[in-house]
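**Q** First, the structure itself, so that you have it in front of you.
The values are calculated or read from the model by the stated rules, or taken from the named source; none is laboratory data. Predicted model, so just to flag it, every value in this text is computed and none were measured. A quick note on method: Cβ atoms are made from the backbone with ideal geometry, for glycine too, and the neighbour counts reach across all protein chains shown. Surface areas here come from the heavy atoms of the whole protein model, side chains and all, with no ligands, DNA or RNA. Shrake-Rupley method; radii C 1.70, N 1.55, O 1.52, S 1.80 Å.
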Amino acid sequence: MSLKVAVQMDPLEGINIEGDTTFLMMQSAQERGHTLWVYTPERMALESGRLTAKGRSVTVQPVKGAHATFGPWETRDLSEFDVVLLRQDPPFDMAYITSTHFLDAIHPKTLVVNNPTEVRNAPEKLFVTTFPGVQPPTLITSDLEAIYEFRARQGDIVLKPLNGAGGSGVARLLADDPNLDAMLDLHRMISREPVIAQKYVPAVVKGDKRILLVDGEPVGAINRVPSAGQIRSNLAVGGRAEAVELTARDLELCGVIGPELKRRGLMFVGIDVIGDYLTEINVTSPTGAVALKRFTGVDATVLLWERVEAIRATV
């Protein structure tokens with residue numbers, strides 16, 4: 001069956017096709033006979049319950065610098081599409097949240113992946129706290145005294161912004177590090193949101209595992225190894241990807257969260273695992289599919305489209 005697919009993303013012209021999961025999703029869709037139309041979130045408009053966007057039809061190809069051929073600009077009713085891929089990158093700010101409210105106007109008649117209501121209800125570093133026993137000791141607060149007390153109890157900690165992405169703003173602070181005040185000042189200058197203090201997990205030097213789940217089921221993993229002397233393993237900040245097997249603990253963690261992901265309509269999810277601990281559940285625009293395909297041959301985007309097609313076939 002051929003589906004009409006709209007993709008809500010950052011400008012397609014500027015992406016790095018060698019590592020972009022959204023581009024791989026689009027390639028896979030096109031190869032399966034689906035048509036593609038692309039727009040950016042600021043081009044959406046909601047009027048009297050009708051959601052439209054200004055965008056363009058597109059054909060993609062894996063040729064760097066010539067990866068997209070666009071049709072003319074046009075305004076279309078998003079309810080005309082079979083599927084909308086919600087794939088713009090964070091920050092998960094009010095503009096992002098508003099876009100999920102817009103998409104509520106068409107979902108589930110038009111299948112939005114991931115379910116916009118549940119994307120809004122599952123901030124990536126907060127959602128994980130709803131599953132007891134999966135995280136390292138973690139504090140989320142704006143209370144400076146509480147952060148100092150937490151470090152006194154835990155010793156070596158990691159401080160990170162609540163709604164950050166790509167490793168931005170993540171810092172390790174040893175038990176006697178005098179820079180905690182300065183780091184908290186910087187966070188307050190950038191945002192009024194709480195910060196996350198988390199017990200440092202030494203296993204991070206061996207890598208931060210990204211596991212991809214499709215409709216609640218794990219499909220594979222890659223390991224992201226930080227550069228020497230670093231704790232941030234995100235590929236965007238210099239981490240190195242390598243092949244890795246799913247362990248019994250990985251499968252246990254997926255078994256804990258998988259049914260809830262499926263229930264919420266969070267169909268394409270990336271989780272981060274360090275050692276025995278789950279640190280994040282990424283539901284906005286999770287990445288890692290390109291590296292997974294490169295290292296293991298498993299194409300998570302094909303598995304996603306198989307599931308989407310099965311859902312649409314029942315409508």
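**Q** Spelling out what I want: for every residue of segment 129-141, take phi, set θ = phi - 60°, compute 6.51 cos²θ - 1.76 cosθ + 1.60 (Karplus), and round to whole Hz; glycine and proline get x.
**A** Rounded to whole hertz, the list is 6, 7, 10, x, x, 9, 9, x, x, 9, 10, 10, 6.
**Q** With a probe of 1.4 Å, find how much accessible area segment 172-306 has per residue, and write the answer as a whole number in Å². Mind showing how you got there, number by number?
**A** Numbers: 6110 Å² over 135 residues.
In whole numbers, segment 172-306 has 45 Å² accessible per residue.
**Q** Suppose the chain between Phe295 and Thr129 were pulled fully straight at 0.36 nm per residue; how much longer would it get relative to their current alpha carbon spacing?
**A** Details: separation 166, 0.36 × 166 = 59.76 nm, distance 3.08 nm.
Result: 56.7 nm gained on full extension.
**Q** Another question, if that's okay. Lysines within cross-link reach of Lys54: Cα-Cα under 16 Å, excluding same-chain residues under 8 positions apart?
**A** Lys4
**Q** Something else now. Heavy-atom accessible area of Lys54 with all protein chains present, probe 1.4 Å, nearest 10 Å²?
**A** Lys54 has an accessible surface of roughly 80 Å² with all protein chains in place.
**Q** How large is ³J(HN,Hα) for each residue in segment 38-46, as worked out from phi by the Karplus curve 6.51 cos²θ - 1.76 cosθ + 1.60 (θ = phi - 60°), to whole Hz, x for Gly and Pro?
**A** Result, rounded to whole Hz: 10, 8, 9, x, 6, 8, 7, 8, 10.
**Q** Amide H of Val7 versus every other amide H placed in the peptide plane: which residues, excluding those fewer than 5 positions away on the same chain, fall under 5 Å?
**A** Trp37, Val38, Tyr39, Leu85
**Q** Might you work out the accessible area of Met1 for me, using a 1.4 Å probe with all protein chains in place, and round it to the nearest 10 Å²?
**A** Accessible area, nearest 10 Å²: 120 Å².
**Q** If you don't mind, there's one more thing I want to ask. For Asp276 and Asp176, FRET efficiency with R0 = 25 Å and r from the beta-carbon atoms, rounded to 0.05?
**A** Efficiency computed from Cβ-Cβ geometry: 0.40.
**Q** When only the heavy atoms of the protein chains count and the probe is 1.4 Å, how do Leu24, Leu174 rank by accessible area, highest first?
**A** Output order, biggest surface exposure first: Leu174, Leu24.
**Q** Say R0 is 45 Å: what FRET efficiency, to the nearest 0.05, do Ala313 and Ser168 get from their beta-carbon distance?
**A** 0.65
**Q** Spelling out what I want: for every residue of segment 16-33, take phi, set θ = phi - 60°, compute 6.51 cos²θ - 1.76 cosθ + 1.60 (Karplus), and round to whole Hz; glycine and proline get x.
**A** Each residue's phi maps through the Karplus curve to give 9, 5, 6, x, 8, 5, 4, 4, 5, 4, 5, 4, 4, 4, 5, 5, 8, x Hz.
**Q** While we're looking at this one, here's another question. Can you sort Ser28, Ser48 by 1.4 Å-probe accessible area, starting with the largest?
**A** Accessible-area ranking of Ser28, Ser48, largest first: Ser48, Ser28.
**Q** Using per-residue counts of other Cβ atoms within 10 Å, averaged over each peptide, order 75-86, 276-287 from highest down.
**A** Numbers: 75-86: 19.0, 276-287: 22.7.
Output ranking for 75-86, 276-287: 276-287, 75-86.
**Q** Here's something else I'd like to know. Would you please give the residues with an amide H less than 5 Å from that of Val112, counting only those at least 5 places away or on a separate chain, with H modeled from the backbone geometry?
**A** For Val112, the qualifying residues are Val84.
**Q** Something else: Once you've got the Cα coordinates, tell me which of Lys64/Lys125; Lys64/Lys262; Lys209/Lys262 are over 25 Å apart.
**A** Over 25 Å apart, Cα to Cα: Lys64/Lys125; Lys64/Lys262.
**Q** With r as the distance between the Cβ atoms of Ala95 and Leu186 and R0 = 22 Å, compute the FRET efficiency 1/(1 + (r/R0)^6) and round to 0.05.
**A** Taking R0 as 22 Å, the efficiency between Leu186 and Ala95 is 0.45.
**Q** Also, I was wondering about something else. Test of understanding: what is the full-extension gain from Ser48 to Val205, defined as 0.36 nm times their sequence separation minus their Cα-Cα distance?
**A** Length gained, Ser48 through Val205: 51.3 nm.
**Q** Which of rounded, prolate, oblate describes segment 110-190, given a ≥ b ≥ c as roots of the alpha-carbon gyration tensor eigenvalues and a/c under 1.5 marking rounded, otherwise prolate only if a/b is larger than b/c?
**A** Prolate is the answer for segment 110-190, as a/c is 1.5 or above and a/b outweighs b/c.
**Q** Under a 5 Å amide H to amide H cut-off, with H placed in plane at 1.01 Å, what residues pair with Ile196 once short-range neighbours are removed?
**A** Sorted by chain and number, the residues that satisfy this are Lys160, Leu162.
**Q** For the chain, what does the convex hull of the Cα positions come to per residue, in cubic angstrom?
**A** Enclosed volume per residue, from the Cα hull, is 137 Å³.
**Q** Can you list the aspartates and glutamates whose alpha carbon sits under 19 Å from that of Lys109, skipping same-chain ones fewer than 8 residues off?
**A** Glu47, Asp77, Glu80, Asp82, Glu118, Asp215, Glu306, Glu309
**Q** Out of segment 135-204, which trypsin sites (Lys or Arg not before Pro) are coil in DSSP terms and have no more than 11 other C-beta atoms within 10 Å?
**A** In loop regions of segment 135-204 (DSSP not H, G, I, E or B), the sparsely surrounded trypsin sites (Lys or Arg not before Pro) are Arg192.
**Q** Considering only protein heavy atoms and a probe of 1.4 Å, how much of the accessible area of the chain is carbon and sulfur, as a whole percent?
**A** Details: 7470 of 14180 Å².
Roughly 53 percent of what the probe reaches on the chain is carbon or sulfur.
**Q** Something else now. Quick one: accessible surface of Phe295, probe radius 1.4 Å, all protein chains present, in square angstrom to the nearest 10.
**A** 90 Å²
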